[in-house]
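Here's the structure, in C-alpha cells; my notes come after.
The values are calculated or read from the model by the stated rules, or taken from the named source; none is laboratory data. Small disclaimer: the values here were computed from a predicted structure and weren't measured. Cβ atoms come from the backbone with ideal geometry, glycine included; neighbour counts cover every protein chain shown.
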C-alpha cells in the first residue's frame, strides 16, 4: 500500500500572534507568557500519534503556519524537525516553510530559524503603504517590511512576499503603482490576496455597520486582471489563483495540497488529509490552545475530528483544489476518484467549455482565468 500512497507533508500550526489583525479569521490568539516545555511535549506527542495513523514516509514538505510562527523559539523549530525526521524521514530536498511577520523577522531571528532547518520564508508584508497597514491592523511599517525582506533574501534561497489588495478606496492606478514597487524588488514568489470580509471578525462588524466599503465586483475583477498582467510581465506568472512565481519557486507544500497529496495537521485547529486503503480521511484538531494542550496531555493527540470522506466529497475537494492551479487537475486523478470526464457525452462539461470557463487538455481539466473566478459554479455543474 505504501507505494500507492500520495506524497506526505506536514502542516504545523503555531496559534499565537503579538497582535490580532481585524480581517483575520484564522485560529489565532494573543501571545502571552507560554510554558514552552508544555508546547514542546505536545507537538512531539501529536507527531508521534500522527505517525501511528500514517507511518509511511518520507515527508516532502513541512509548513509552519499560524499565527506568527516566526515568534517560535528556533530551538523548538529544530526539535520539531528532528522529531519529524526520526518518525518518517525528511526527503533530501524537503521544503521547510515558515510564515513570518516583519516585526518578528530581525536578522538574528531569521538566521537562527535558518539554522534550525527552515528553507523557505513567507513574509507577511500585506502592503507598502503605511496608511493601508494601519487600516489592516498591522504593527509594522513599510520600512520594516523592506528591511525584513532584505534580511530574508540574504539568508534564504526561497522567499515569498504576501500582500492584500482590493482594499477600501484603492484605485486601479494606486494598486498598479504599489504592485510595480513590489515587483521592482525582484521577488521570486508573491502571494496576492484580495481583501475578503470574513464572518466573526472586527472587519465584518465594521463593514456591516457601513464604516467602510470594499471595491465592487467589477472593480475587483479589474484589480485581479491587472495583477495577472503585471506579474506575468515581471516573470512571475500565476500558477494558482492568488500565487505567482518564477520557475522553480512555487510553494511545493501548497501545490501538493492542491494536487491531493496527504498532509498531517499538527497543532491547535490544524486540518489534515490522510489516504489509506479505504479512501480519504479528514482530520481537525481542537482549536483552543489550552484545550488542545490538555487533550494532548490526556490522550496523546488533540484531533477532535477524524472523518472518512465519501466519494462525492472526495471528488468535490479534488476539483475545488485542483482547478485553483493554472495547470488544472489531472484527469488520471479524477478517474481514480471515480469521476469520468467525457466531453462527447457530458452536456454540463460541454456547456462549461462553450462558456469559456474550462478547457480539456489531453491530460488535465483546466479552469480558464475566467473560470477560476467562479469555481463554485463549475464544481456544482460537474457534480
When you scan segment 286-383 for helices (runs of 4 or more DSSP H) that lie fully inside it, which ones turn up with 3 or more residues that are under 27 Å from residue 14 (Cα atoms)?
289-299, 311-322
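Kindly state which helices (runs of 4 or more DSSP H) lie completely within segment 64-158 and contain at least 2 residues that are closer than 24 Å to residue 42 by Cα and assigned by TED's automatic domain parsing to the domain that holds residue 206.
Details: elements: 74-87, 107-116, 130-135, 142-155.
The helices (runs of 4 or more DSSP H) meeting that bar are 74-87, 107-116.
Any residue at all in segment 101-116 that is closer than 24 Å to residue 223 by Cβ and free of Cβ contacts under 8 Å to residues at least 60 places away in the same chain? Lay out the reasoning, then the answer.
Taking segment 101-116 first, the residues closer than 24 Å to residue 223 by Cβ are 102.
Narrowing further to those that are free of Cβ contacts under 8 Å to residues at least 60 places away in the same chain: 102.
So far as segment 101-116 goes, yes, one or more of its residues are closer than 24 Å to residue 223 by Cβ and free of Cβ contacts under 8 Å to residues at least 60 places away in the same chain.
Could you tell me whether residue 290 is without any contact (Cβ under 8 Å) to a residue 12 or more places away in the chain, more than 26 Å from residue 5 (Cα to Cα) and not assigned by TED's automatic domain parsing to the domain that holds residue 33? Break it down stepwise before answering.
Working: without any contact (Cβ under 8 Å) to a residue 12 or more places away in the chain: yes; more than 26 Å from residue 5 (Cα to Cα): yes; not assigned by TED's automatic domain parsing to the domain that holds residue 33: yes.
It is true that residue 290 is without any contact (Cβ under 8 Å) to a residue 12 or more places away in the chain, more than 26 Å from residue 5 (Cα to Cα) and not assigned by TED's automatic domain parsing to the domain that holds residue 33.
Conditions (1) over 22 Å from the mean Cα position of the chain (by Cα); (2) surrounded by 14 or more Cβ atoms within 10 Å (Cβ to Cβ); (3) under 24 Å from residue 224 (Cα atoms), marked per residue:
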position	(1), (2), (3)
299	yes, no, no
311	yes, no, no
323	no, yes, yes
329	no, yes, yes
333	no, yes, no
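Would it be correct to say that residue 336 is farther than 22 Å from residue 48 by Cβ, in contact with a strand residue (DSSP E or B) (Cβ under 8 Å, 6 or more places away or on another chain) and without any contact (Cβ under 8 Å) to a residue 24 or more places away in the chain? Let's see the steps before the verdict.
Numbers: farther than 22 Å from residue 48 by Cβ: yes; in contact with a strand residue (DSSP E or B) (Cβ under 8 Å, 6 or more places away or on another chain): no; without any contact (Cβ under 8 Å) to a residue 24 or more places away in the chain: yes.
Spelling it out, it is not the case that residue 336 is farther than 22 Å from residue 48 by Cβ, in contact with a strand residue (DSSP E or B) (Cβ under 8 Å, 6 or more places away or on another chain) and without any contact (Cβ under 8 Å) to a residue 24 or more places away in the chain.
Quick check on residue 293: is it farther than 27 Å from residue 250 by Cα, surrounded by 14 or more Cβ atoms within 10 Å (Cβ to Cβ) and touching a helix residue (DSSP H, G or I) at 6+ places or on another chain (Cβ under 6 Å)? Even if it seems obvious, please write down each step before you answer.
Details: farther than 27 Å from residue 250 by Cα: yes; surrounded by 14 or more Cβ atoms within 10 Å (Cβ to Cβ): yes; touching a helix residue (DSSP H, G or I) at 6+ places or on another chain (Cβ under 6 Å): yes.
When the stated conditions are applied, residue 293 passes them.
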Residues of segment 24-37 being part of a strand (DSSP E or B) and either loosely packed, with under 14 Cβ neighbours inside 10 Å or out of contact with any helix residue (DSSP H, G or I) (no Cβ under 9 Å at 6 or more places or on another chain) (or both), which ones?
30
Evaluate segment 38-54: report whether one residue or more is surrounded by 16 or more Cβ atoms within 10 Å (Cβ to Cβ), in contact with a strand residue (DSSP E or B) (Cβ under 6 Å, 6 or more places away or on another chain) and not in a helix (DSSP H, G or I).
yes
